[in-house]
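The values are calculated or read from the model by the stated rules, or taken from the named source; none is laboratory data. None of the values given here were measured: they were computed from a predicted structure. All Cβ positions, glycine included, derive from the backbone under ideal geometry; neighbour counts span all protein chains shown. Calculation scope for accessible area: heavy atoms of the full protein, side chains included, ligands and nucleic acids excluded. Shrake-Rupley method; radii C 1.70, N 1.55, O 1.52, S 1.80 Å.
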Amino acid sequence: MLKGISPLISPELLKCIAEMGHGDTLVIGDGNFPAASNARRLIRLDGHGVCEILDALLALFPLDTYVDAPVSLMAVTPGDDVVPVIWEEYRRIVETHQSGTKFEEIERFRFYDEAKNAYAIVATGERALYANLILRKGVVTADEK
């Protein structure tokens, strides 16, 4: 164990996010997301929800400030009668760590294509529908600790 790092951040995830460079993407998939079939690198955090993982991750992971929307959500498929209420929690968590961050919605099959090119996919046990997101990594500046 390490001081100051959430126990949700496994050694494998910590290594992965440390290896990532500016512009690399990380997918956090809900329990229904086809993580294993889409991942170049798969990190399993089954039994945990996306919100708790997102909060722990953003304590260490800078979001890209050079793009309009460094956080992407899987858009609701037309015809699905679903309101992803978890998205408001995502916005609250992200705002806590990096204020003013914008989100975008990506059509489901485009989201899958982007996931296939992501640096890694984190598979969770999240049960909320449309709870998938993509984070684009930013930079750590010289004045940050």
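The table that follows gives values for the structure above.
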read-out	value
In the chain, lysine pairs with alpha-carbon atoms under 21 angstrom apart (chain gap of 8 or more, or interchain)	8
Reciprocal mean inverse distance between Cα atoms of the range 1-46 - Kirkwood radius, Å	12.1
Whole-Å semi-axes of the ellipsoid equivalent to the chain (Cα gyration tensor, √5λ, descending)	22, 17, 15
With at most 14 other Cβ atoms within 10 Å, longest stretch of the chain clear of loop GluC sites (Glu not before Pro) (DSSP)	1-106
Helix-only CD estimate at 222 nm, as mean residue ellipticity for the chain, using -39500 (n - 2.57) per DSSP H run (n ≥ 4)	-8000 deg cm²/dmol
Surface share of carbon and sulfur [accessible, 1.4 angstrom probe, percent] for the chain	51
Those residues of the range 118-143 whose amide nitrogen sits under 13 Å from the label point placed on residue 46, 7 Å along Cα→Cβ	123-126
Label point distance in nm, residue 142-residue 92, each placed 7 Å from Cα along Cα→Cβ	3.9
For the chain, accessible area per residue (1.4 Å probe, heavy atoms of protein chains only), Å²	55
